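A.B. asks: Okay, here's the structure, questions in a sec.
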Amino acid sequence: MSETPASMETAEAEPVATAAPAAPAAKRRPVRKPSRPDAVLAAAVDAARNGLLEVAGEHEVGEHVGAFPDAERLVTHRFAAHVPGYEGWHWFATLARVPRSKDATVCEVGLLPSENALLAPDWVPWSERVRPEDTAEEDSAAPKAVTPEDATPEDATSEDAARVPEVDVAETDAEAAPGGESPVA
């Protein structure tokens, strides 16, 4: 017969305490986009324009289009963009403020397309843009470059002949041979 330690006997006799079920984690409410912009930030049109003037010229920033709420104490101001190549685009300046403050801070500035903006077409991969017949036409239409190995006497002009010095083959061989003697006897 085997003996069990006393500690095991007491553990078996006592009921095992189970952990109480944890309270479910409180769900965060989704951030709700406000229907009206913050009054202090909506009135800060000059602060938004001054933020834009740090990155754009005064003639590029047009009239104020509107103030659009992004979140509580976060508003985006839009201005017409008078930038060549960006027809229909708007400058934007996003402003924020801390609670109970009357000071607006410029968070971000840039260009955004509007509904009427001229946009580039969707990108198409090279393998789908170029067809085999496109490259065949280019290869046949391109003139072949003439290399010095391909050159014939008819290709040479009088200017080319004047630039190439006449060299005596016997002199060149004599200089290359050891002792300075010509290998041809």
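A.B. asks: Among residues belonging to segment 85-115 that are in contact with a strand residue (DSSP E or B) (Cβ under 9 Å, 6 or more places away or on another chain) and over 23 Å from residue 58 (Cβ atoms), point out the one that is most open to solvent (accessible area, probe 1.4 Å).
C.D. replies: Filtering segment 85-115 for residues in contact with a strand residue (DSSP E or B) (Cβ under 9 Å, 6 or more places away or on another chain) gives 86-98, 104-114.
Adding the requirement that they be over 23 Å from residue 58 (Cβ atoms) leaves 96-98.
Details: 96: 22, 97: 50, 98: 93 Å².
It comes out as 98.
A.B. asks: Then there's this: Identify the residue in segment 30-49 that is within 17 Å of residue 104 (Cα to Cα) and open to solvent by 90 Å² or more (accessible area, probe 1.4 Å) and, among all such residues, is nearest to the chain's Cα centre (by Cα). Let's see the steps before the verdict.
C.D. replies: Of segment 30-49, the ones within 17 Å of residue 104 (Cα to Cα) are 36-49.
Next, from what is left, pick out any that are open to solvent by 90 Å² or more (accessible area, probe 1.4 Å): 36, 46.
Values: 36: 34, 46: 31 Å.
Of everything passing the filter in segment 30-49, 46 is nearest to the chain's Cα centre (by Cα).
The values are calculated or read from the model by the stated rules, or taken from the named source; none is laboratory data. Treat the numbers as computed from the prediction; the structure is a model and nothing was measured. Cβ atoms come from the backbone with ideal geometry, glycine included; neighbour counts cover every protein chain shown. Heads up: the accessible areas ignore ligands, DNA and RNA and are worked out on the full protein's heavy atoms, side chains in. Shrake-Rupley method; radii C 1.70, N 1.55, O 1.52, S 1.80 Å.
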